[in-house]
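Colleague: Here it is: the structure, laid out below.
The values are calculated or read from the model by the stated rules, or taken from the named source; none is laboratory data. Owing to the predicted nature of the structure, the values given are computational and were not obtained by experimental measurement. Because the Cβ atoms are built from the backbone with ideal geometry, glycine has one as well, and the counts that use them run over all protein chains shown.
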Amino acid sequence: MLTKKQHELLSYIDKQLNLKGVSPSYDEMKDALGLASKSGIHRLITALQERGFIRRLPHKARALEVLKRPENQLDRDLSDDANSPDSNVIQGSFNGAATAMPVMPDSALGESEAVRLPLWGRIAAGTPIEALRDNSNSVEVPASILGRGDHYALDVDGDSMIEAGIHDGDTVIIQQTDTAENGTIVVALVDNTEVTLKRLRRKGDSIALEPANAAYETRICGPDQVKVQGKLVGLFRKYN
C-alpha cells in the first residue's frame, strides 16, 4: 500500500505522462504536491520505485515509466490509520534477509522449540517503526535463530534487497537495537519519517544505505539523518 503523498505523486506522474507524453520535472512535482524541497520528491520517487509502481528509464532526462496505475491503491480504509502518529500513512511493506543467512521454510518450525514473536505487519515508507506496533498478530520462529534481546517480525514487500536473498513475501526477524556494525542489514529510520531495510555503511561523517539490487541507488545521509531501529537476524519463507 502507499502513503497519501506517494499516491498523489503517482497519480500526478501518470496524468502528466498521459497528457504530455513526458514525465514532469522534480520542480513541477514539488509544486504539485506542495512540498518545500525536491528532496521530498526524491524520497517519494525512490519509495514508488522500490514498490514496483514506477521505474526510471536509463540515459534519459525526466524519464519515468508507470508500471502500476494508481487506481485502487487506496482501497484500505484511511480510518484504519486515524489514530496513528501519522494519519497520512497507509500500510505498505518491504523485503529483508542476509546473503549468508539460510532461508527457513515454515515446515521447519516444528523441528525445534518455537518462540512467538509479534508480527508488526508491513512497513510503510513514512511510518516510524513505533507506529507499526500491532501486537494482535504474531508468528512462531525457531528459538535457535534468536539471540539476546527483544525481537519482532516484519513481512516483506519489494525487491530492493533481492540480491541479498530477500524476496517479496518473506518474513524477516529483527533484533531490536540502536547500533549496528558496517555491512549489517538494518531497519533504519530516515529523517524521523521513513523506515527502510538496507545495508548500513559508514564512511567518515556519512552513512550509506545500500540496496541489494543494481536497479536502485545507494542513499547517502548525514549522521543525524539515520537512526538504527533493529538489525536482521533471520528470515523464513512460505512455499506454495
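Colleague: Any residue at all in region 65-86 that is under 26 Å from residue 192 (Cα atoms), assigned to a helix (DSSP H, G or I) and at pLDDT 80 or above?
Modeller: Among the residues of region 65-86, not one is under 26 Å from residue 192 (Cα atoms), assigned to a helix (DSSP H, G or I) and at pLDDT 80 or above, which makes the answer no.
Colleague: Within region 170-181, can you find the residues that are exposed (fewer than 12 other Cβ atoms within 10 Å of the Cβ) and polar (S, T, N, Q)?
Modeller: Across region 170-181, the qualifying residue is only 179.
Colleague: Go through (1) modelled with pLDDT of 60 or more; (2) under 28 Å from residue 237 (Cα atoms); (3) in a loop (DSSP other than H, G, I, E, B) and name the single condition residue 35 misses.
Modeller: Residue 35 satisfies all of (1) modelled with pLDDT of 60 or more; (2) under 28 Å from residue 237 (Cα atoms); (3) in a loop (DSSP other than H, G, I, E, B) except (2).
Colleague: Something else now. Every residue in region 186-221 that is surrounded by fewer than 16 Cβ atoms within 10 Å (Cβ to Cβ) and touching a strand residue (DSSP E or B) at 6+ places or on another chain (Cβ under 7 Å), please.
Modeller: Within region 186-221, 201, 206, 218, 220, 221 qualify.
Colleague: Hey, does region 152-169 have a residue that's buried (at least 18 other Cβ atoms within 10 Å of the Cβ), of a type in the set (Phe, Trp, Tyr) and under 28 Å from residue 58 (Cα atoms)?
Modeller: No, every residue in region 152-169 fails to be buried (at least 18 other Cβ atoms within 10 Å of the Cβ), of a type in the set (Phe, Trp, Tyr) and under 28 Å from residue 58 (Cα atoms).
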